[in-house]
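Structure first, commentary second.
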Amino acid sequence: MTERWASSAHVPLTRRGILRSGAALVAAPAVGWGLAGPASAAAGDTVWTAGLNSDGQLGNGSTIRRRTFGEVPGLANVDDVAGGREHALALVGGRVWAWGDNAKAALGTGDRVDRSSPAQVTLTGVVEIATAHYGSYARMSDGTVRAWGYNASGQLGDGSLVLRTRPVTVRKADGTPLTGVKQIAAGRDMAMALTTDGKVWTWGRGVDGELGNGTTPTAQTRAVVVTGLTGVKAIAGGRNHVLALMTDGTVKSWGANGDGQLGLGDTTKRTKPVTVPGLANVIAVRGGAEFSVALRADGTMMTFGRNGRGQLGLGHTSKRLSPQLVVGPPAMARIGCGRDHALAVTTGGQLWGWGFNLDGQLGDGGSANQLRPVAISGMTRVKGVHGGFGFSVVSRGAA
């Protein structure tokens, strides 16, 4: 990479006059909100974005919204991407590049200046990235985790409530670094890690039970293991809820549930993991603001939770408290969620999207909500898929 990103990165962007509310995957993520798992990177993999761009979150050097996907200049050989509320990350050869909103230090660049083009974070040896609302996470090759950004709920896991403009180490309750991590994910103001022994560790905000330990703390500043939960294969975070994919293909959920995003048939929050009825043979899970998506081994998708903007892809706008089959699209290989929209990729690499589309976050050229999945024209060879507040970020293989 050249130094042109750094030299142009210190020009502040025009910001909106008020702080927006909402969620950023990811979440998941993966990986942003939730988990879909990127395909293996290949030479020439690039980053493409669409949607809202008020804070430079599209990474194209401007703050102009795009309703179709465009390439982020200067990034190649990309291993993965992740979308926060109004910022995004790319992983390239063990290094992290960040752009977008930096008012709360989510970019990790040592300051709080927005970037409309990618800027490099001072880290090496990174093997996975994830984003929260206003923060970011990196899993290191040695199995430890680094975090930076907003920290009012202890979501950086360093034992403090201090905002960090550069990466700090996530630590366990005894003050030692959290180790043996094989996957990371985040929600709005909390984060989680899956360790090699199949256990899940959580830290940050717990008011809605999203820490999974039977308690509801306003802030948990260090990582604590979720008791009684073993055999986890993958994790995903929604705004204030968590999904855990088990090794047997079932799913457990916990946290906020006001719209049925836990898939348990009711709207009662859970402070400990509960098995989601009716879900089996699941290979990936993702969480949006108040909804969830599960991908099954046969390529079909099940969705549940909030649906006022069609984010469940069911052809209507009524929320669903239990998993529902998404009818119509072909077999999918990967899934991703934004705040109120979702993305999926077929086994052949074709991008599909549905849900809220006011800012063009689906990249279909329009602004109308899509109540069912639609194929996004021109977006083939897609690998990683992620969304934030009104925008999407994906990685694509070379032509």
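Tell me whether segment 28-40 contains one or more residues that are among the small types (Gly, Ala, Ser) and at pLDDT 95 or above. So that I can check it myself, show each step before the final result.
Filtering segment 28-40 down to residues among the small types (Gly, Ala, Ser) leaves 28, 30, 32, 34, 36-37, 39-40.
Now restrict to residues that are at pLDDT 95 or above: none.
Within segment 28-40, not a single residue is among the small types (Gly, Ala, Ser) and at pLDDT 95 or above.
Give the residues of segment 126-185 that are touching a Leu at 6+ places or on another chain (Cβ under 7 Å) and among the hydroxyl-bearing types (Ser, Thr, Tyr), sorted by residue number.
Correct list: THR131, SER136, THR144, TYR150.
Restricting attention to segment 304-311, does a residue exist that is among the aromatic types (Phe, Trp, Tyr), over 15 Å from GLY336 (Cβ atoms), in contact with a Phe, Trp or Tyr (Cβ under 8 Å, 6 or more places away or on another chain) and surrounded by 23 or more Cβ atoms within 10 Å (Cβ to Cβ)? Please lay out each step first, then the result.
So the first thing to find is which residues in segment 304-311 are among the aromatic types (Phe, Trp, Tyr), and the list is 304.
Applying the additional criterion that residues be over 15 Å from GLY336 (Cβ atoms) yields 304.
Going one step further and asking which of them are in contact with a Phe, Trp or Tyr (Cβ under 8 Å, 6 or more places away or on another chain), we end up with 304.
Those left that are additionally surrounded by 23 or more Cβ atoms within 10 Å (Cβ to Cβ): 304.
The answer is yes; a qualifying residue exists.
Go through segment 196-239 and give me each residue that's more than 17 Å from ARG270 (Cα to Cα) and of a type in the set (D, E, K, R).
Residues satisfying the conditions are ASP197, LYS199, ARG222, LYS233.
Where in segment 83-149 are there strands (runs of 3 or more DSSP E), lying wholly inside it, with at least 2 residues that are within 14 Å of the chain's Cα centre (by Cα)? Can you show your working first?
Details: elements: 87-92, 95-100, 115-120, 126-131, 135-140, 145-149.
Correct list: 87-92, 126-131, 135-140.
Can you pull out the residues in segment 223-274 that are of a type in the set (Val, Ile, Thr) and part of a strand (DSSP E or B)? Steps first, please.
Taking segment 223-274 first, the residues of a type in the set (Val, Ile, Thr) are 224-227, 230, 232, 235, 242, 247, 250-251, 267-268, 271, 274.
Selection gives VAL224, VAL225, VAL232, ILE235, VAL242, VAL251, THR271, VAL274.
Could you list, in sequence order, all residues of segment 347-380 that are farther than 18 Å from GLN311 by Cβ and surrounded by 17 or more Cβ atoms within 10 Å (Cβ to Cβ)?
Residues of segment 347-380 that are farther than 18 Å from GLN311 by Cβ, as a first pass: 347-350, 365, 377-380.
GLN350, MET379 - these are the residues of segment 347-380 that are farther than 18 Å from GLN311 by Cβ and surrounded by 17 or more Cβ atoms within 10 Å (Cβ to Cβ).
Out of all the residues in segment 352-360, is one or more modelled with pLDDT of 95 or more and farther than 30 Å from TYR134 by Cβ?
Initially, segment 352-360 is screened for residues modelled with pLDDT of 95 or more, giving 352-360.
Then keep just the ones that are farther than 30 Å from TYR134 by Cβ; that gives none.
Checked segment 352-360: no residue is modelled with pLDDT of 95 or more and farther than 30 Å from TYR134 by Cβ.
Can you find a residue in segment 261-283 that is more than 21 Å from the chain's Cα centre (by Cα), of a type outside the set (Val, Ile, Thr) and buried (at least 24 other Cβ atoms within 10 Å of the Cβ)?
Scanning segment 261-283 turns up at least one residue that is more than 21 Å from the chain's Cα centre (by Cα), of a type outside the set (Val, Ile, Thr) and buried (at least 24 other Cβ atoms within 10 Å of the Cβ).
List, please: which pairs have Cβ atoms under 8 Å, are six or more places apart or on different chains, and start with a residue in segment 321-349 that is at positive phi and end with one that is assigned to a loop (DSSP other than H, G, I, E, B)?
GLY349/THR380; GLY349/ARG381; GLY349/GLY397
Pairs under 7 Å by beta carbon, first residue farther than 19 Å from LEU343 by Cα in segment 50-78, partner among the basic types (Lys, Arg) and surrounded by 21 or more Cβ atoms within 10 Å (Cβ to Cβ), six or more apart or different chains?
Within 7 Å, the pairs are GLY56/ARG115.
Condition check: farther than 21 Å from VAL285 by Cβ and among the acidic types (Asp, Glu). Does ASP158 satisfy that?
Details: farther than 21 Å from VAL285 by Cβ: yes; among the acidic types (Asp, Glu): yes.
So ASP158 fits the description; yes.
Here are the criteria: (1) in contact with a Lys or Arg (Cβ under 9 Å, 6 or more places away or on another chain); (2) buried (at least 16 other Cβ atoms within 10 Å of the Cβ). Tell me which single one ALA173 does not satisfy.
Just one mismatch for ALA173, condition (2).
Of ALA344, ALA399, ALA375, ALA368, which residue is out of contact with any Ser or Thr (no Cβ under 8 Å at 6 or more places or on another chain) and modelled with pLDDT under 95? Show your work before the answer.
On the way: ALA344 fails: modelled with pLDDT under 95; ALA375 fails: modelled with pLDDT under 95; ALA368 fails: modelled with pLDDT under 95.
Selected residue: ALA399, the only one of ALA344, ALA399, ALA375, ALA368 that is out of contact with any Ser or Thr (no Cβ under 8 Å at 6 or more places or on another chain) and modelled with pLDDT under 95.
Inspect all residues belonging to segment 226-248 and state whether any of them is in contact with a Phe, Trp or Tyr (Cβ under 7 Å, 6 or more places away or on another chain), modelled with pLDDT of 95 or more and closer than 19 Å to LEU161 by Cα.
No, segment 226-248 contains no residue that is in contact with a Phe, Trp or Tyr (Cβ under 7 Å, 6 or more places away or on another chain), modelled with pLDDT of 95 or more and closer than 19 Å to LEU161 by Cα.
Within segment 284-303, restricting attention to residues that are β-branched (Val, Ile, Thr) and either under 30 Å from ASN213 (Cβ atoms) or in contact with a Ser or Thr (Cβ under 9 Å, 6 or more places away or on another chain) (or both), which residue is surrounded by the fewest Cβ atoms within 10 Å (Cβ to Cβ)?
Filtering segment 284-303 down to residues β-branched (Val, Ile, Thr) leaves 285, 293, 300, 303.
Cutting the leftovers down to either under 30 Å from ASN213 (Cβ atoms) or in contact with a Ser or Thr (Cβ under 9 Å, 6 or more places away or on another chain) (or both) gives us 285, 293, 303.
On the way: VAL285: 34, VAL293: 31, THR303: 27.
Only one residue fits best here, namely THR303.
The values are calculated or read from the model by the stated rules, or taken from the named source; none is laboratory data. Since we're looking at a predicted model, the values are computed, not measured. Please note: Cβ atoms are built from the backbone with ideal geometry, for glycine as well, and neighbour counts cover all protein chains shown.
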